[in-house]
1. Specify the angular offset, from 0 to 90 degrees and rounded to the nearest 10, of the alpha carbon long axis of helix 436-446 from the longest principal axis of the alpha carbons in the chain.
2. Can you give me the distance in nm between label points at E403 and S282, each placed 7 Å from the Cα along the Cα-to-Cβ direction?
3. Determine by what factor the alpha-carbon radius of gyration of the stretch 410-460 differs from 2.2 N^0.38 Å, reporting the quotient.
4. Counting only protein heavy atoms and using a 1.4 Å probe, what share of the accessible area of the chain belongs to carbon plus sulfur, as a whole percent?
5. Calculate the dipole size of the stretch 218-344 relative to its Cα centre from +1 charges on Lys and Arg beta carbons and -1 charges on Asp and Glu beta carbons; express the result in debye to the nearest 20.
6. Please give the length that would be gained between F108 and L465 if that part of the chain were fully extended, namely 0.36 nm times their separation in residues minus their C-alpha to C-alpha distance (nm, one decimal).
7. Please report Rg (one decimal) and Dmax (integer) in Å for the Cα set of the stretch 184-312.
8. Taking 30 Å as the cut-off for C-alpha to C-alpha distance, list the pairs among K248/K401; K247/K409; K153/K247; K185/K297; K398/K459 that go past it.
Amino acid sequence: STMRKRRTTDSSHSSTDLSEGKEELRLKQEVGLISGVSLIAGTMVGSGIFMSPEWVLHHMGSPASSLLIWAACGLLAMFGALSYAELGTIIKESGGEYIYILRIFGSFPAFLFAYTSVILVRPAGLAAVCLSFAEYAVAPFYPGCSSPQVVIKCTAAAGILLLTVINCLNVRLATSVMNIFTAAKLLALLVIVVGGVVLLAKGQTQSFQNAFQNTTAGIGAVGVAFYQGLWSYDGWNNLNYVTEELKKPEVTLPRAVMIAIPLVTCLYLLVNVSYLAAMTPSEMLSSGAVAVTWGDKVLGSWAWLISLSVAMSTFGSSNGTFFSGGRMCYIAAREGHMPAILSMAHVRRLTPSPALLFTSAMSLIMVISGSFTSIVNFFSFIAWFFYGMSITGLLYLKIKKPELPRSYKVPIIIPIIVLMAAVYLVLAPIIDQPQIEILYIVLFIFSGVILYFPLVRFKCHPRFLQKVTLHLQLFLEVAPTTRD
């Protein structure tokens, strides 16, 4: 059948299994509905809503069309998440796109996704958000001038290390941090919304007069505007990465999606209206950080609250990205697509600590190596390519495998719309404004072929790796996990 059978544990693991003859070791189901909503909303609300509005406006040219982009991005994220909710109730395994591509299309495309995601996409995304956190966190210490890059990078690295400790210690601690920071950032967005309502009540509506004037119509410009908007919504699929740790996943997954994404979409629209009430379009376009400019204009001496809110927001978003990104690495290793040590969990804390440590190390390399000014467009290009593949898999299952048990069904028109949007988002910028960096990304994805055939297909593993794995197991106190 097309749905691939689950891999059994590799025989080589038996020699390094510390839990042999003892109670089975597996990750706990500790993520409930509130934590699920926090994971989605907390990851989505990061630096994007405080940074991206000016770029969406820049590419669209008018306030009204930029608001339409924000609404369309929210609708697309909702449709994508509802489609993923059905996938998550059919394939009840953690790993998100990776596990869906593996079970439906097979090992090779799943390996390419895992290779790209674990080595490049997830660490780069985490590094970018942590750099945003660092920039806002150190800004109050350097009033009137730009912060030194070395201070920003050191702060970002410290943030990554702190997240590593939190997530390695305890799943409940990580979800508690997520819940607290999600509440704090939603409160910060409400402050901006209320400020906007007050400004509108005072008659500051000049930005909404002739609101469609100067609208851009090019398909490439609209595609790039979508990329900038969707960066702020990124995280809508994060709950699918931890399906095995959800309490009652068949109920929790769809409910968390239906609560979190409409909530975030409404807040984003109201926050953008507040920005436009406080600033003219030209002021927004010249702003380096639109939220800070809004704070200076509306809050006066209390403007520092916005910098603090953005720092808290980006740290909370980093925690959600790290939480799900570590699981991605862990699941890929469990399926034999990454070194065996990354598929193990701490014998007492029951956290996938080797995968978390690896994700942390890759993110630190990204932070040290440079800045991420163009990461949004290239991250979105890769992401929507694989989102489209996962949605294609859902359509295949709906048409060819309708008998598979599922507790939730999405109308087929919704994944079709998401697939059309994914094709547009991948092709439009390439056709309208081709860039050499896109070619580099494609070459990087397919460079995985060099590793796949010797290491995965033909299992040519050097013997010394087994000894390294054994020593790492003893040092990290980890053992292979089992699953239902």
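The values are calculated or read from the model by the stated rules, or taken from the named source; none is laboratory data. Note that the structure is a prediction, hence the values are computed from the model and not measured. Please note: Cβ atoms are built from the backbone with ideal geometry, for glycine as well, and neighbour counts cover all protein chains shown. These accessible areas exclude ligands, DNA and RNA; they are computed on the full protein's heavy atoms, side chains included. Shrake-Rupley method; radii C 1.70, N 1.55, O 1.52, S 1.80 Å.
1. Compared with the principal axis, the helix lies near 20 degrees.
2. That separation, rounded to one decimal, is 6.8 nm.
3. On the way: Rg = 16.6 Å, N = 51, 2.2 N^0.38 = 9.8 Å.
Scaled against compact globular proteins, the figure is 1.69.
4. The C+S portion of the solvent-accessible surface of the chain is 67 percent.
5. On the way: 6 positive and 7 negative charges, 42 e Å.
Here the size comes out at about 200 debye.
6. Working: separation 357, 0.36 × 357 = 128.52 nm, distance 2.26 nm.
Length difference between fully extended and current span is 126.3 nm.
7. Calculated on Cα positions, Rg and Dmax stand at 17.5, 51 Å.
8. Details: K248/K401 23 Å; K247/K409 19 Å; K153/K247 37 Å; K185/K297 20 Å; K398/K459 34 Å.
Where the Cα-Cα span goes over 30 Å, the pairs concerned are K153/K247; K398/K459.
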